[in-house]
Amino acid sequence: MALDRVAVITGSAQGLGKGIAEKLCGQGYKVVISDINEEVLNETLEEFKGKDYEVSALVADVTKQEEHESLVRHAVEKYGKLDVYINNAGVEGEVEQIEKINSKNVDFVFDVNVKGVLYGIQAAAKQLKKQGQGGTIINASSIAGHEGFDFLATYSASKFAVRGLTQVASKELAKDKITVNAYCPGIAATGMWDRLDEKFMDVLGTKKGEALEQFASTISLGRTQEPQDVANLVAFLASEDASYITGQAILTDGGIVYR
Ligand code: NAD
């Protein structure tokens, strides 16, 4: 099914970003997948090409402003324009008591989760304004962007910051018909949660798998999240049906955080 829409997704070699990419490809979008992990990115590219998706890939590090510009340039050169820019890449950083947090960890998490989103908004806004037809920017926040979670101070602060950036960008870009929203996943068993589960072992004294199990037991709908669950929300936010929604940070968590 041909659809004249072009999307760029950061951190999309695996996990939730890959799920979002697959959903949009399936809807007929032309998609640029991107990641810092070249090997997994190439594997995903091959997998998607095998499914006849209209897709291309570019290695990019979201902490580098110029690499967002390269991503936008790549989309325009390849597909003629940009419609949707999804700032998905994120890192969890340390799991640690607040008084022991290390400043290098703060820099690492904020460089990816906050500056990475800001630079993506900037590069996308520049191109969308130039095109003059509006467009949409969608950012990854989290349940931890609505409520602070124990031992995740830096991560929570970074995801609250994404909501701040989303609101400001949505106000400033509204006159150009550019909408800016955030998605706030709950607990998905991606690589991020594999690492979180291990990191929680030290602070909670849990065994392998136990921290994930404890967190998962708080989900009203009784199951952890699949990438598809997140992709369904993001695909809606990317669609024309969401054109009157802007500045929002929408939870998709099966019922953990109630707002
Ligand atoms: P993941 O770790 O499974 O995948 C993240 C991808 O981002 C990886 O492929 C990684 O290589 C890439 N990446 C990391 N640093 C990068 C950088 N500097 N530049 C480009 N790419 C980079 O994580 P995920 O679970 O798929 O999470 C995706 C997003 O959703 C993140 O922003 C995360 O904070 C958010 N989120 C995830 C969960 C969850 O339960 N998994 C919950 C809430 C929010």
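Bear in mind that the values in this text are calculations on the coordinates, not laboratory data. Worth saying up front: this structure is predicted, and the values here are computed from it rather than measured. Here Cβ is always computed from backbone atoms with ideal geometry, including for glycine, and neighbour counts include all displayed protein chains.
Structure data summary
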| read-out | value |
| --- | --- |
| Two-site label geometry, Asn37 and Gln131: point separation in nm, points 7 Å out along Cα→Cβ | 2.9 |
| Separation in nanometres of the label points that stand 7 Å from Cα toward Cβ, at Glu172 and Gln122 | 0.9 |
| Estimated 222 nm signal from helices in the chain, with DSSP H stretches of n ≥ 4 weighted -39500 (n - 2.57), rounded to 500 | -14500 deg cm²/dmol |
| Dimensions (Å) - the chain, Cα atoms, principal axes, largest first | 53, 40, 34 |
| Order of Asp35, Asp83, Asp194, Asp61 - criterion: other Cβ atoms within 10 Å of each residue's Cβ, fewest first | Asp194, Asp61, Asp83, Asp35 |
| Phi-based couplings in Hz for region 38-43 (Karplus 6.51, -1.76, 1.60; Gly and Pro marked x) | 4, 4, 5, 4, 5, 4 |
| Region 186-216: trypsin sites (Lys or Arg not before Pro) falling in loop per DSSP and having at most 13 other Cβ within 10 Å | Lys207, Lys208 |
| Computed over region 36-187: relative contact order in percent, which uses C-alpha pairs under 8 Å that are six or more apart | 23 |
| Förster-model FRET efficiency, 41 Å R0, Glu46 and Asp107, C-beta, rounded to 0.05 | 0.75 |
| Cleavage-rule hits, GluC sites (Glu not before Pro), region 1-60, DSSP coil, Cβ neighbours within 10 Å at most 10 | none |
| Estimated vicinal HN-Hα couplings, Hz - region 172-182 in sequence order (Karplus 6.51, -1.76, 1.60; Gly, Pro = x) | 5, 9, 4, 5, 9, 6, 9, 9, 9, 9, 10 |
| Ile219-Glu99 FRET efficiency (beta carbon distance; Förster radius 35 Å; 0.05 resolution) | 0.75 |
